[in-house]
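Here is the structure we will look at, set down as structure tokens.
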Amino acid sequence: MRIILFGPPGVGKGTQAKLLSEEFSVPHISTGDLLRAAVKNQSTLGKKAQEYMDAGNLVPDDVMIGLIREILSSPKAKRGFILDGFPRTVPQAQALDTMLSGLGLKLDGVISLRVEHEEVIKRLSGRKMCRTCGRIYSTQQLEIIDMPTKCQDCGGELFQREDDDAETVRHRLEVYVKETKPLKDFYRETGRFIQIDGMLEVPFVHKTILDIVYKSRNGKD
Ligand code: AP5
């Protein structure tokens, strides 16, 4: 299975990618997570990316394409993948197509989550992540757990991302509209694009995606 989860910041790409990765035992490849790990380690990539990320801007295409090329040609991605956060520009999408055809692989589809921008701002201003295992928490989850500063899975510290303050989120949404939204047409033209309602609760969004995946698999049988 090779799927791209697409959509503006905060629509739930990471949340859904994790569920799909568990369901189908394929890696969740999140360029945001990879970049944050690089920033944490202060690697060459991390030093290059940090300034762009903190400001809510896109990291340059050549850097991102190089990163994805390395991952897709590694054994990790052999069985498939759920891509989250890549591609984000038309040149990235074109490079991905070239990479996949060079590897003799085919993209199954692009699933786009649609959520109103005001809901995105609400979700991101309340989101916390675990510094150790990366688990994502929503405002609602944090309200019902006993220790809202510690991860329920590993006990790691929960933190708010630098780029989740309301002003940076608004800027990220503007960048999305300008740089990433045009990709919808890129994928629509090749019949690989499906848009779904991301305003529903997490399990319902997951179920919608599963229905799409199973339907497309049965269609191929
Ligand atoms: P990245 O980490 O990819 O951020 P993003 O795309 O802006 O997406 P988010 O991670 O903010 O949101 P999400 O859609 O995954 O939502 P989540 O599931 O967490 O990228 C960060 C930065 O890295 C970029 O700004 C850029 O600088 C750089 N970058 C990365 N890739 C790049 C690329 N290809 N090219 C150039 N630069 C790149 O959910 C959000 C919250 O909502 C959570 O609290 C969650 O619990 C909650 N939630 C989820 N689903 C629901 C639901 N259905 N109902 C209610 N709450 C929900």
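The stretch 1-91: which trypsin sites (Lys or Arg not before Pro) are DSSP loop and have at most 14 other beta-carbon atoms within 10 angstrom?
Those that pass, being in a loop and sparsely packed, are K78, R79.
Rounded to the nearest 500, what is the chain's calculated 222 nm mean residue ellipticity when only DSSP H runs of at least 4 contribute -39500 (n - 2.57) each, over all residues?
-15000 deg cm²/dmol
Expressed as a rounded percentage, what relative contact order does the stretch 15-104 have, with Cα pairs under 8 Å and six or more residues apart?
That works out to 36 percent.
So with the 1.4 Å probe, I'd like the accessible area per residue for the chain, rounded to whole Å².
With the other protein chains kept in place, the chain gives 53 Å² per residue.
Can you give the log10 of the normalised intensity I(q)/I(0) at q = 0.14, 0.19 Å⁻¹, computed with Debye over equal Cα scatterers of the stretch 4-104?
Values, matching the q order: -0.53, -1.01.
Between Q94 and L210, what length in nm is gained on full extension when 0.36 nm per residue of separation is reduced by their alpha carbon distance?
Gain on extension, Q94 to L210, equals 39.1 nm.
Loop only by DSSP, 16 or fewer other Cβ within 10 Å of the Cβ. Give me the GluC sites (Glu not before Pro) in the stretch 172-221 that pass, ordered by residue number.
E189, E201
Quick check: the distance between the Cα centres of the stretch 1-47 and the stretch 178-221, to the nearest angstrom?
So the separation of the two Cα centres works out to 17 Å.
Can you tell me the length gained on complete extension of the stretch F24 to R217, counting 0.36 nm per residue apart and subtracting the Cα distance?
Answer, rounded to one decimal: 68.2 nm.
For the stretch 99-221, taking Cα atoms only, what is the radius of gyration to one decimal and the Dmax to the nearest whole Å?
Over the stretch 99-221's Cα set, Rg and Dmax evaluate to 17.8, 50 Å.
In Å³ and rounded to a whole number, note down the convex hull volume per residue for the Cα atoms of the chain.
125
Can you compute the modelled spin-label distance between V177 and N57, with each label point 7 Å from Cα toward Cβ, in nm?
2.0
Give me the distance between the Cα centres of the stretch 65-111 and the stretch 114-130, rounded to whole Å.
27
Please provide three numbers in whole Å: the alpha-carbon extents of the stretch 105-148 along the principal axes, with the largest listed first.
Principal axes ranked by extent give 45, 29, 15 Å for the Cα atoms.
What FRET efficiency comes out for the pair Q160/V202, r = Cβ-Cβ distance, R0 = 22 Å, nearest 0.05?
0.65
For the ranges 161-171, 134-144, what's the packing order if you count other beta-carbon atoms within 10 Å of each residue, average per peptide, and put the highest first?
161-171, 134-144
Quick one: if you stick a label point 7 Å off each Cα along the C-beta vector at S74 and T44, how many nm between them?
Placing both labels 7 Å along Cα→Cβ, they lie 1.6 nm apart.
With an 8 Å Cα cut-off and a minimum separation of 6 or more residues, compute the relative contact order for the chain in percent.
The normalised contact order for the chain reaches 28 percent.
The values are calculated or read from the model by the stated rules, or taken from the named source; none is laboratory data. As the structure is a prediction and not an experimental result, all values here were calculated from the model. No Cβ is skipped: glycine too gets one built from the backbone with ideal geometry, and neighbour counts run over all protein chains shown. Keep in mind that these areas ignore ligands, DNA and RNA; they rest on the heavy atoms of the full protein, side chains included. Shrake-Rupley method; radii C 1.70, N 1.55, O 1.52, S 1.80 Å.
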